[in-house]
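The values are calculated or read from the model by the stated rules, or taken from the named source; none is laboratory data. None of these values were measured; they are calculated from a predicted model. Cβ coordinates were reconstructed from backbone atoms using ideal geometry, including for glycine residues, and neighbour counts include every protein chain displayed.
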């Protein structure tokens, strides 16, 4: 997905040739398309990625880290030639990720953006309440991208020395400034299934993608609230059964 970073090991001759060509063109950018679910070729919608790290290993393979930087649609696949060592090559049209779609006002877009950002903050608060359940830990890890900050944050959670109102821990969530980037960030944080991600990649309207994210966040909030409520009920039941002793910590 755009803005998200991924790591790959390059070992096939054709992709080693691709990496060499990309390094020579100066931009360090190439496109990626994914196999269709029916195994009939690859999707005609892809993601542009930029190499941000490239390490050549002693065995001639490479470890690269790339970041999504745009989307495209394949117009035409070219014949595989010897000069390209048979890696795929195509003519493409680059998408405008910021295109809002027809009949969308600036005011409506701004209100939708505020709604989404407020929902993310509420989800963060609920995740902190649910900590240290595994799903909360993974989601918080994705929300707070700085590993050092994340480690300190978990240390505070473990020690109980954390107060969202006093320390304003929500500021640790590195929300993307651009709404187009925020959409991809939310899908990454929530671990959206590949089929849903593919649908978003195809959608040309930013407003439609934001509306879909709004619905996804709403369902997430409802599910988290239900889980939180169940945990509270379990704690109350445990306290009743133990005669009012110390609260037991509920861990998934």
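The set of residues in region 172-202 being part of a loop (DSSP other than H, G, I, E, B), touching a residue at least 12 places away in the same chain (Cβ under 8 Å) and more than 14 Å from the chain's Cα centre (by Cα) consists of 178 alone. Considering region 54-75, the residues that are over 19 Å from the mean Cα position of the chain (by Cα) and farther than 19 Å from residue 12 by Cβ include one that is surrounded by the fewest Cβ atoms within 10 Å (Cβ to Cβ), namely 75.
A count restricted to region 203-252 and to residues that are at pLDDT 75 or above and in a loop (DSSP other than H, G, I, E, B) stands at 3.
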